[in-house]
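So the structure is just underneath, and the comments pick up after that.
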Amino acid sequence: MKVIGLDIGGTAIKAGLVDPATGELIGDRRRVPTPPDGGPDEIAAVLATLAAELSPDAPVGIGFPGPVVHGRIMAATHLSKAWIGCDAPEFFGSVLGRRCVVLNDADAAGIAEMRFGAGVGETGVVLMLTLGTGIGAALFVDGLLVPNLEFGHIEIDGVVAEDRAAARPREVEHLSWAEWAGRLEKYLQRIDALVWPDVILLGGEITVDADRFLPLLAVRPRIVIAQLRNAAGVVGAALAAAGQQTLPQVKVETGAATRP
């Protein structure tokens, strides 16, 4: 069985054909810029093109950068507000002409890491944080997903956390690694005080430079760098479409998988 995973981000849309039994990409991962206005019609057109190129009939899983409750998009911080209230599976299904499963993008990345990546074998409270244009969060309690957390939107010192501690502010403000690590540390400490996770999985493109900032962090939870990196959202969305993790009531089996 082959499944398409599509990962919508504020900056880029990633896509790939996935073997859900192994979590491996079949062929290369695709990456195209997110349309500037981030509207439904523009993004759906891009997804339709990517899906058609990858497979004419494979089911599709889509990670969306915002909360998705019973298929309905509730917020779209980094995209057009026109998304709010959209019945995502119906909308994408009509445009792509096939069955689509839609879930929060950070939840998708977390599912992939728990099934095939750095979360394999982790028990207790595991928090996945993705550092990119914003900050995404996925929480697992003994493998059970708590969906649609928006921990990037908490305020610290009167400022939305992801506006200071995501990967994008480091680039835009030309921060040194030490300056940015100080912001990230403060954010992680606040999250720790709210959730008390046993381990935090850090994902996103910035983790390729983990050796530059990880030693600078002083936080209580164990920090582990995600393994699947930029493929996590694609793989997790595909797993959702394959039925391996579609609802919070379905537990992610973390013990039996083999790390790639």
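The values are calculated or read from the model by the stated rules, or taken from the named source; none is laboratory data. A quick note: this is a predicted structure, and the numbers were derived from the prediction, not measured. Please note: Cβ atoms are built from the backbone with ideal geometry, for glycine as well, and neighbour counts cover all protein chains shown. Accessible surface is based on the protein model in full, side chains and every heavy atom, while ligands, DNA and RNA are left aside. Shrake-Rupley method; radii C 1.70, N 1.55, O 1.52, S 1.80 Å.
Of the numbered criteria (1) touching an Asp or Glu at 6+ places or on another chain (Cβ under 9 Å); (2) under 17 Å from V68 (Cβ atoms), the one E150 fails is (1).
The single residue among T34, T11 that is open to solvent by 20 Å² or more (accessible area, probe 1.4 Å), on the phi < 0 side of the Ramachandran plot and among the polar types (S, T, N, Q) turns out to be T11.
Those strands (runs of 3 or more DSSP E) of region 131-246 in which at least 1 residues are of a type in the set (F, W, Y) and open to solvent by less than 40 Å² (accessible area, probe 1.4 Å), considering only elements entirely within it, cover 135-141. Kindly indicate whether G27 is part of a loop (DSSP other than H, G, I, E, B), crowded, with 20+ Cβ neighbours inside 10 Å and not aliphatic (A, V, I, L, M). Judged against the criteria, G27 is not a match. A single entry from R259, R212 fulfils the requirement of being at pLDDT 95 or above, of a type in the set (K, R) and on the phi < 0 side of the Ramachandran plot: R212.
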